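What follows is a set of notes on a single structure, which appears directly below.
The values are calculated or read from the model by the stated rules, or taken from the named source; none is laboratory data. Keep in mind it's a predicted model, so treat the numbers as computed, not measured. Note that each Cβ is placed from the backbone with ideal geometry, even for glycine, and that neighbours are counted across all protein chains shown. Ligands, DNA and RNA are stripped out before the accessible areas are found, and what is left, the full protein with its side chains, is counted by its heavy atoms. Shrake-Rupley method; radii C 1.70, N 1.55, O 1.52, S 1.80 Å.
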Amino acid sequence: DVIAHELMHHWFGNLVTCESWVHLTLNEAFANYSEYLWNEHKKGVEEADLWSQGEQQQYLGEAEQKQEPLIRYNYTDMEDMFDSHSYAKGGQILHMLRKYVGDEAFFTASHNYLIRHAFGTAEVNDLREAFEEVTGEDLNWFFNQWFLSSGHPNLKIEKSFDNNKVTLKVSQLQDSAYTPIYRLPLKVDIWVNGQKTTHDIVINKARQNFEFAVAQRPDLVDFDAERQLLGVIEYEGKVDL
């Protein structure tokens, strides 16, 4: 992991240098994510996801003491930047970006970013523009909530089944005075008789209901089926779906 991390700095850090300490996570997020990529290549996706869970817990533990935006315009000492926000949170955000845009777009945009800014400096909007050019999509919403805002989503999920219909009630509980109401594209897997159906949903309100028609009571309703969301998820009451 350490070797993969430091090797990645040949590209993210040396070939392209962050414009200032403010943008340090452009170096460290990619170096951190290289550890996931190495585990995925060497040991497989499940082992990489297990590693990723550890990174999530590392950030969430630090977030109990402080919550900072990844792009930090205000800091007391530059050493404050070398924390689980710049590293662990940064890597997890890149993983969410990869899941959202897909592998081809993610690696193409990352490559284009390096080529365009080779032997120079870059800041967060340069990275955003590289991804927008490849995807053809305005990604300000993603970068604003994950790179430029502090905190993370705190979700409460209520599952219910009635009249051949599964209902998910999703609430965002984080304090919106300091942390945004997030836009969260996620997958929900519903298992019925051993058969899985995957549904794409987008959470973008403080409180939302999602309904899914099913033939019978499901064996399992798996929220955030890819386990890619950086945040806290709590399930309300007795969960038997």
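Of note:
- Residue within segment 71-82 that is under 21 Å from LEU127 (Cβ atoms), touching a strand residue (DSSP E or B) at 6+ places or on another chain (Cβ under 6 Å) and at pLDDT 95 or above present: no
- Contacts under 8 angstrom Cβ, first residue in segment 131-159 being on the phi < 0 side of the Ramachandran plot and modelled with pLDDT under 95, partner crowded, with 16+ Cβ neighbours inside 10 Å and part of a helix (DSSP H, G or I), 6 or more apart: none
- Taken over segment 81-93, residues that are of a type outside the set (Phe, Trp, Tyr), under 18 Å from VAL22 (Cβ atoms) and assigned to a helix (DSSP H, G or I) amount to 6.
- Condition check for ILE190: part of a strand (DSSP E or B), closer than 16 Å to ASN204 by Cα and at pLDDT 95 or above: no
- Among (1) surrounded by fewer than 17 Cβ atoms within 10 Å (Cβ to Cβ); (2) within 23 Å of ARG227 (Cβ to Cβ); (3) touching a Phe, Trp or Tyr at 6+ places or on another chain (Cβ under 6 Å) - the single one GLY102 does not satisfy: (3)
- Where ALA118 falls short, out of the listed (1) assigned to a loop (DSSP other than H, G, I, E, B); (2) of a type outside the set (Asp, Glu); (3) open to solvent by 60 Å² or more (accessible area, probe 1.4 Å); (4) more than 24 Å from SER84 (Cβ to Cβ): (3)
- Residue satisfying all of: in segment 54-80; of a type in the set (D, E, K, R) and outside any helix (DSSP H, G or I); most open to solvent (accessible area, probe 1.4 Å) among these: GLU64
- Any pair with Cβ under 9 angstrom, 6 or more apart, that starts in segment 1-28 at a residue that is of a type in the set (Asp, Glu) and ends at one that is open to solvent by 90 Å² or more (accessible area, probe 1.4 Å): ASP1/TRP38
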